1. Considering only residues that are touching a Phe, Trp or Tyr at 6+ places or on another chain (Cβ under 9 Å) and farther than 21 Å from Gly150 by Cα, look in region 68-83 and name the one that is most open to solvent (accessible area, probe 1.4 Å).
2. Pairs only if they're at least six apart or on different chains, beta carbon under 6 angstrom, first in region 270-282 and farther than 19 Å from Gly209 by Cα, second among the polar types (S, T, N, Q) and surrounded by 11 or more Cβ atoms within 10 Å (Cβ to Cβ); list them, first residue then second.
3. Those residues that are modelled with pLDDT of 85 or more, aliphatic (A, V, I, L, M) and farther than 28 Å from Ile304 by Cβ, I need them from region 110-163; list them, please.
4. Restricting to region 84-97, count the residues that are open to solvent by 30 Å² or more (accessible area, probe 1.4 Å) and modelled with pLDDT under 90.
5. Answer yes or no as to whether Ser318 is in a loop (DSSP other than H, G, I, E, B), of a type in the set (Ser, Thr, Tyr), under 25 Å from Ser222 (Cβ atoms) and at pLDDT below 90.
6. Given the residues His293, His284, which is the only one that is assigned to a strand (DSSP E or B), over 27 Å from Gln106 (Cβ atoms) and at pLDDT 70 or above?
7. Report, ordered by the first and then the second residue, all pairs with beta carbons closer than 6 Å, sequence separation of six or more or different chains, a first member in region 83-97 that is farther than 12 Å from Gln115 by Cα, and a second member that is in a loop (DSSP other than H, G, I, E, B) and among the aliphatic types (A, V, I, L, M).
8. Say we look at region 98-117 and pick out the residues that are open to solvent by less than 90 Å² (accessible area, probe 1.4 Å) and in a helix (DSSP H, G or I); which of these is nearest to Phe43 (Cα to Cα)?
Amino acid sequence: MKTCKINESEMTIEYENGSKIMFFGLEEHNKERILGQEFGLIFVNEASEFPSFKSIAFLISRLNQQVKGPNGFIMPNRFLIDCNPPASSHWTYKLFIEKVQPETGQPLKDPHNYQHILMNPADNKSLSADYIETLASTYSAADRRRFIDGQFAMEAEGAMFKMEWIDAARVDSVDDIDFERIVVAVDPATTSNAGSDETGIAVVGEFEGEAYLLHDGSMKGSPKAWAAKVNELYDRYQADLVVYESNQGGEMVADVLRQHNPNLPVKAVHASRGKEIRAEPVAHLYEEGKVHHVGEFKKLEEQICLFTKGFNRRKNGSPDRLDALVWGITELMLKEKRKPQKAIQATAQGFW
């Protein structure tokens with residue numbers, strides 16, 4: 001029987017064939033020790049506990065040992081990790097799911113080298129069905145996604161919007177609701193090339209003092225393409241108004257929208273305050289349970305649950321879906337509601 005030598009003080013295991021397993025933390029005092037080594041395989045346990053990719057990049061730089069296999073061939077180097085999926089803003093999601101460089105967002109040159117597998121409690125035959133059911137009943141909806149379904153959480157630390165708020169107020173159908181008003185909100189992109197931002201398009205309805213997200217039609221495309229989409233949604237949902245952010249394109253946006261329908265009712269809204277300030281009262285409505293998503297809108301929900309104070313647009317991209325959603329809800333729920341002008345005149349005439 002082959003034996004191995006365990007050195008507890010140095011935290012190593014050495015086998016008869018000369019191979020060695022070394023255990024490290026990534027504290028500063030360990031980095032010099034790691035720098036003096038080359039490895040053929042590196043395994044990172046609980047990678048979700050490493051918030052920065054810089055530590056991982058440091059480890060990858062040491063993955064350059066040439067190890068000969070039994071037949072003399074050079075064994076390929078491997079970098080393995082495990083984790084309970086954290087938020088989709090984490091470097092693990094960007095690297096293994098989106099397959100982009102975590103720090104730059106640029107596509108990986110060799111995406112086929114970054115593979116992932118899903119293992120969750122239901123796949124572990126040693127766990128009883130009762131135990132899994134107990135877990136499911138104990139966890140919140142967000143924790144069930146992470147710890148039972150093995151799904152990345154669509155929420156960043158310090159997020160202004162919480163997935164638990166969305167889940168709690170989500171509805172499946174609005175067939176029995178006669179909306180008081182419906183708006184289509186547009187956050188137009190300034191360009192339409194491959195690297196352009198999306199045009200955010202949200203359809204929002206109001207009923208009895210609460211808002212309902214009916215559709216996320218956000219897309220990349222030319223002004224002609226997204227204007228056609230806005231008009232199509234305006235007709236489909238029998239909307240009352242189209243609101244658009246005028247900071248990008250100004251009156252040209254209204255002209256583009258009206259190319260499909262000259263009588264399209266449009267309203268320009270101007271962003272005189274930052275995104276965080278505009279989003280905050282809308283986030284409060286979500287917290288109060290006054291905003292309902294009709295079904296699931298995964299991309300939009302991920303985007304709003306990654307939005308934090310101090311949001312870095314350069315790093316995280318433009319939150320176009322969020323912008324459109326905020327404009328729509330603001331128009332319906334947060335604008336001062338005045339009496340129609342005709343009613344005011346009639347009251348005045350009656351007084352005199």
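The values are calculated or read from the model by the stated rules, or taken from the named source; none is laboratory data. What you see is a predicted model; the values in this text were computed from it and never measured. FYI the Cβ positions are ideal-geometry reconstructions off the backbone, even for glycines, and counts take in every protein chain you see. We work out accessible area using only protein heavy atoms, side chains counted, and drop any ligands, DNA or RNA first. Shrake-Rupley method; radii C 1.70, N 1.55, O 1.52, S 1.80 Å.
1. Applying the filter and picking the extreme gives Arg78.
2. So the pair list comes out as His270/Ser246; Ala271/Asn247.
3. Residues satisfying the conditions are Ile117, Met119, Leu127, Ala129.
4. Residues in region 84-97 being open to solvent by 30 Å² or more (accessible area, probe 1.4 Å) and modelled with pLDDT under 90: 4 in total.
5. Details: in a loop (DSSP other than H, G, I, E, B): yes; of a type in the set (Ser, Thr, Tyr): yes; under 25 Å from Ser222 (Cβ atoms): yes; at pLDDT below 90: yes.
The answer is yes for Ser318.
6. On the way: His284 fails: assigned to a strand (DSSP E or B).
Sole residue among the options that is assigned to a strand (DSSP E or B), over 27 Å from Gln106 (Cβ atoms) and at pLDDT 70 or above: His293.
7. Note: pairs meeting the criteria are Ala87/Ala156; Ser88/Met154; Ser89/Ala156; Ser89/Leu306.
8. Pro111
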